Amino acid sequence: MKISLLFTFLLCTFSLSAGTGPSAFIFPAKNIRVDGVAEDWHNISEKYHLKANFGNSNSSSGYFKSAYNKESGQLYFLVVLSNKPEELYSKEIPSLYIYLDLIHRMDLGSRTLRLDFKGDSIDSFDSAKKWNSSDPALNLKHVISKSKAYPNKVIYEISLDLADIINGYTSFGLEVLSVATDSINGNRVFSSWGIGGSKEFMPFRLGNLLLLPKPEKMTQVSGLLQFQNHVNTNYPEQLLIYKVDKPSFWTATKVDSTGRYHFQLPAGDYALKTYGKVNNAHSFAEKSRLEERVELQFSLQEEDFKILDTFHLTKYKAPDFLLPEKGLLFSETLDVQKLDFLLEVYMDYYNVVGVQFIAIKNGNIAYSVEKGFSDKSIDKPLNNSSIFEIASISKVIFAIAVHRLAEQGVIDLDKPLKDYLPFDQLSDDKRANDISARHILSHQSGLPNWIWGGPFGFESGKKGSLLFEPGSDYQYSGEGYEYLKRVIEFITNRDVESIVREQVLIPFNMQHSSYLETSFGAELVVGHSEEDPMFWGLHDRAWVAGGLYSNAEDLANLIMGIMHQEHLSQNVYENLLSKESMDRSPFLLYFGGYEAGHTSGFEYVETELGRIIHHGGNNGDFQSRIAIDMQRQNGYVLLTNSNNGFKLDLKLQEILFTGFKQ
């Protein structure tokens, strides 16, 4: 699952934010002994305080120091976790987690190694290991740890042997996090240096550990960011700062809503540049493409304060003058060269890391391509064997399986599901007794998308309720699909993976699709936020609402089979493709439509071109769509490993279907 079992609380508390966290400056030091005693750390390094994020904020405090020895290749940490004397820790010693990104590329694409300390025991977690076979930059034989408990504090002292990568004027990614138990009420208390969670999966959330060759005076720097062409758009959230003659020495600074920023650095020649290429990354509205080659160079002397010249950025618009007046699929033959050119142009404009794409014309594949990277941290290219998360397109595959089971008499689409398996968490809402499979497949069950935060949230046992009487309104719901999955597994006494394989994947020749990551390995594609890899945990449990792994070839086989109405009976196709529910307030009308809703498995949109059956998928770092024009037997499959994939999808709808409309 895309949830860290250890740090689920962090993921739920902080939203995704591009950029890096705070900065810590460290210097060379000799004669540090790793013995759990702090006396040899006097006058070495500044204290960087850990702040309590959860639990009783008065019950935990602490700090860390860091230093390095270039000759021996050692990186040192001293972490002091202290309490008020009257609020001692329980007998269980606090756990310590150090997150390190030793690649820490300024051009993005790093990975995090998490080191776990409990007393003198050491463990590690490398979230990227399942995506690529490259060795971690650090392993346990290079780590020494010693802890000591005192009456009102616990000390951890740690040494890491980093050999030839230790040097002055370089930087690593870093987070320090402690997890303790309050002896008074038993609550867990979390204290960290930075903010934001799940850093083992998102290295760009780490702070910066900056190694200097000697102690140096810091200059406080302030500046202002403005757009050169006075556009009405948000400023980038962060800027990168790097040393011109040592680009491995870099950090980041936040930009406020007025364009102002502040940071500190020692003397030297530096440059400012934007962090990422596409501005306003959290908005589904049109994004601003930034001219990322623009930099502001400046020099710092040993001074107290410096104000920089205004840093002028340039935004430029999408090159829509290149778009065709009518969709390329509506010409007699598909202009493959133009499609390939436009796909590449808009991949670059929207900063989409990787794409698998297939265009289907007259019921056959007319164009198929893979572009970009599977994993930006190692510049691993995509190929036709690469496997993506297809997110909510997974619902289509499950819906087809349910329709086939209904035809076989396994389930009645209109019978209340409580007669098969009650949804215990909805027992306080009598309206839930009327939910049927058809309600769920067409998103008329009354269930929210997710009640308890995700596909397995119901396991908490917490009660929930419906938004409306089943069948009376429309509300997209992954929760409903997961309930129906449990009903199907209960009725058949089989797992959903084997059911879907038998009912859909085999008939439609989808040989590279599964709900379980164990079916793949090195072929799995890494999701990205902008160009930053997101090394989330993989799916080891099947969830039908958004967890299928697949590729463009398999999905093309599926939609061509649907176009030709193969493998399923006419009755199933009528149930699968007929309009069931209308979305009275759609978030977005795709394909230039004027009405949108759901069949019992697909989204539909009524357009000037006729009805288009489609379904999108959005797991954040994976965004995708399949689309079918049944009348003309045209369509496409788009899979991306990017949080900007939907922007590319909307442009492809113009390129292939609607043409460009002013």
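The values are calculated or read from the model by the stated rules, or taken from the named source; none is laboratory data. Computed from a predicted model, the values in this text were never measured in an experiment. Positions of Cβ are generated from backbone atoms using ideal geometry, with glycine treated the same way; all protein chains shown enter the neighbour counts. To get the accessible areas, we keep the full protein, side chains included, count just its heavy atoms, and leave off ligands, DNA and RNA. Shrake-Rupley method; radii C 1.70, N 1.55, O 1.52, S 1.80 Å.
Before moving on, here are some points about what is shown:
- At a probe radius of 1.4 angstrom, the accessible area of segment 332-467 per residue rounds to 39 square angstrom.
- Hydrodynamic analysis of segment 207-350 uses the Kirkwood radius over alpha carbon pairs. Inserted into Stokes-Einstein at 25 °C and 0.890 mPa s, it gives a translational diffusion coefficient of 139 µm²/s.
- Here H49 and L224 are evaluated by their C-beta separation; at R0 = 35 Å the FRET efficiency comes out at 0.75.
- Overall, the chain carries a charge dipole of about 1040 debye about its Cα centre when +1 sits on the Cβ of Lys and Arg and -1 on the Cβ of Asp and Glu, all other atoms neutral.
- Overall, the ratio between the Cα radius of gyration of segment 615-660 and 2.2 N^0.38 Å, rounded to two decimals, is 1.16.
- Gain upon complete extension [E523, E71; 0.36 nm per residue less C-alpha separation]: 158.7 nm
- Note on S585 and S124: the model spin-label points, each 7 Å out from Cα along the C-beta direction, lie 5.2 nm apart.
- When the Cα convex hull of the chain is projected onto planes of every orientation, the mean area is 31.0 nm².
- Legend: distances between Cα atoms for K47/K199; K70/K118; K243/K371; pairs beyond 31 Å are K243/K371.
- Highest-first arrangement of 315-323, 637-645, where packing means the average Cβ count within 10 Å: 637-645, 315-323
- Summary value for the chain: 14 percent relative contact order, contacts being C-alpha pairs under 8 angstrom separated by 6+ residues.
- Anchor K430: lysines whose Cα lies under 20 Å away (excluding residues fewer than 8 positions away in-chain): K415, K418, K462, K463
- Only protein heavy atoms count here; under a 1.4 Å probe, Y99 has an accessible surface of about 10 Å².
- Calculated FRET value between V37 and D304, using beta carbons and R₀ = 45 Å, to 0.05: 0.80
- The chain - share of DSSP beta bridges that are antiparallel (%, nearest 5): 90 percent
- Whole-number D in µm² s⁻¹ for segment 154-226, Kirkwood Cα-pair radius fed into Stokes-Einstein, 25 °C, 0.890 mPa s: 153 µm²/s
- Rg/Rh (Cα only; Kirkwood hydrodynamic radius) as it applies to segment 397-452: 0.98
- Tail weight of P(r) past 27 Å, computed on alpha-carbon pairs of segment 269-422, percent: 54 percent
- Accessible-area order (highest first, 1.4 angstrom probe) of the listed residues F458, F373, F201: F373, F458, F201
- Ordering L426, G409, F373 by Cα displacement along the dipole of segment 331-432 toward the positive end leaves G409 in first place; charges were set at the Cβ atoms of Lys, Arg (+1) and Asp, Glu (-1).
- Average silhouette area of segment 369-521, convex hull of alpha-carbon atoms, in square nanometres: 10.8 nm²
- Cα-based shape type of segment 473-543, given that a ≥ b ≥ c are square roots of the gyration tensor eigenvalues and the cut on a/c is 1.5: oblate
- As a size descriptor, the averaged projected area of the C-alpha convex hull of segment 291-381 was calculated at 9.7 nm².
- Taking the accessible area of the chain, probe 1.4 Å, and keeping the other protein chains in place, the carbon and sulfur fraction comes to 48%.
- Structural size metrics of segment 478-626, computed from C-alpha coordinates, are Rg and Dmax of 16.6, 46 Å.
- Of K214/K273; K273/K315; K317/K647, those spanning more than 19 Å from alpha-carbon to alpha-carbon: K214/K273
- Cα-based radius of gyration for segment 561-662, normalised by 2.2 N^0.38 Å, reads 1.08.
- Within the chain, longest stretch clear of exposed GluC sites (Glu not before Pro) (DSSP loop, no more than 10 other Cβ within 10 Å): 333-607
- Relative to the current alpha-carbon distance between F468 and D414, full extension at 0.36 nm per residue lengthens the span by 17.7 nm.
- Note on E407 and K430: the model spin-label points, each 7 Å out from Cα along the C-beta direction, lie 3.9 nm apart.
- With kT/(6 pi eta Rh) evaluated at 4 °C and eta = 1.567 mPa s, and Rh the Kirkwood radius from Cα pairs, segment 367-407 diffuses with a coefficient of 101 µm²/s according to Stokes-Einstein.
- P(r) tail fraction, segment 533-601 - alpha-carbon pairs more than 21 Å apart, %: 52 percent
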